[in-house]
Amino acid sequence: MSGFVVEKVLNNNVVIATHPSYGEVVSIGKGIGFNRKKGEELSPQLFDKTFVLKDMKEQESYKKLLPEIDQNLQAAIIESIHLISNRVSGKLNEHIHVGLTDHLLFALQRVSQGMTIKNPFLKETITLYPFEHDIAVDVIDLIQDKTGIGLPQGEIGFITLHIHSAITNKDLSEVNQHSQLIYHLIQVVEEQLGIQINKDSIDYSRLVRHLRFMIDRVLSGETVDEPEKIALLLKEEYPLCYNISWKLIKIMQRNLGKPVCDAEAVYLTMHIQRLQKKIR
């Protein structure tokens, strides 16, 4: 006895099965669902891939989604998730099966209809999550290789966020919110300094990453030491940069609904001053 029993056939290549130890599982294999009946036993040797969706809502969403997808495209998406899983350490949040499948399905439909969606946060996303971005590039290549459809650059950014969400167990909406907050904070710096920051510069990368870790510190309640002498010096020497840093802190406090420790202004001022120095 394998223990795997057919619960529902989604199509020729995907079956929902039950197992006494794992509960309900999604089993994928070429022809695995052909002429299968509910209650029939399945040999694990037929499986190319199997994964468990423990969350009932995720299960129902995935069951509704899969039958609508062309089988060639479905195989490419499943292989993409397998690629992501192999590249990261630890387990991916199971939501990626639903979230990324849904996203790629609509992205490919848009491209085939000649529609493209701009991604205004692409540069910030690449800077924030370089590891996830590298995987997303490979996913785009795999999708093109398997389906013949080339997805635009902006989609790499969206896929990067899905991967980061699955790795960190954060809701995609939270990951998106933080990316948009950083994008907004960068815009404020540009407006206040009257410049357009070179998005390929090392100073820009440092500022974006500093803002990301600053958000993490605020959310976790972590504080940083305040070097008082440096704080007084920066306030006197670089009043514009110091004031901008406090503007950013107030925006962050409003957006996250949590206090930001005063010492953060010192480190922000240093980053902003580096950018100001470049335009003198």
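The values are calculated or read from the model by the stated rules, or taken from the named source; none is laboratory data. As the structure is a prediction and not an experimental result, all values here were calculated from the model. Positions of Cβ are generated from backbone atoms using ideal geometry, with glycine treated the same way; all protein chains shown enter the neighbour counts. What goes into the accessible areas is simple: the full protein's heavy atoms, side chains included, and nothing from ligands, DNA or RNA. Shrake-Rupley method; radii C 1.70, N 1.55, O 1.52, S 1.80 Å.
Structure notes:
- Asp70 open to solvent by 80 Å² or more (accessible area, probe 1.4 Å), modelled with pLDDT under 85 and farther than 30 Å from Ser201 by Cβ: yes
- Residue in region 112-136 that is surrounded by the most Cβ atoms within 10 Å (Cβ to Cβ), counting only those that are among the charged types (D, E, K, R) and either in contact with a Gly (Cβ under 8 Å, 6 or more places away or on another chain) or under 19 Å from Leu83 (Cβ atoms) (or both): Glu132
- Taking the criterion of being modelled with pLDDT of 85 or more and surrounded by fewer than 20 Cβ atoms within 10 Å (Cβ to Cβ), the residues of region 96-111 that qualify are Gly99, Asp102, His103, Leu105, Phe106, Arg110, Val111.
A quick yes/no check of all residues on (1) touching a residue at least 40 places away in the same chain (Cβ under 8 Å); (2) touching a Lys or Arg at 6+ places or on another chain (Cβ under 6 Å); (3) crowded, with 16+ Cβ neighbours inside 10 Å:
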residue	(1), (2), (3)
Asn169	yes, no, no
Gln180	yes, no, no
Glu190	no, no, no
Leu207	yes, no, yes
Ile230	no, no, no
Leu233	no, no, no
Pro239	no, no, no
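- Contact map, region 85-113: residues that are under 14 Å from Ala136 (Cβ atoms) and without any contact (Cβ under 8 Å) to a residue 60 or more places away in the chain paired with residues that are open to solvent by less than 20 Å² (accessible area, probe 1.4 Å) and of a type in the set (Asp, Glu), Cβ distance under 6 Å, separation 6+ or inter-chain. Pairs shown: Ala107/Glu155.
- Lys199 touching a Lys or Arg at 6+ places or on another chain (Cβ under 6 Å) and open to solvent by 40 Å² or more (accessible area, probe 1.4 Å): yes
- Some residue of region 131-151 being hydroxyl-bearing (Ser, Thr, Tyr) and in contact (Cβ under 8 Å) with a residue 40 or more places away in the chain: yes
- Among the residues making up region 1-48, those that are outside any strand (DSSP E or B), crowded, with 16+ Cβ neighbours inside 10 Å and among the small types (Gly, Ala, Ser) are Gly29, Gly33.
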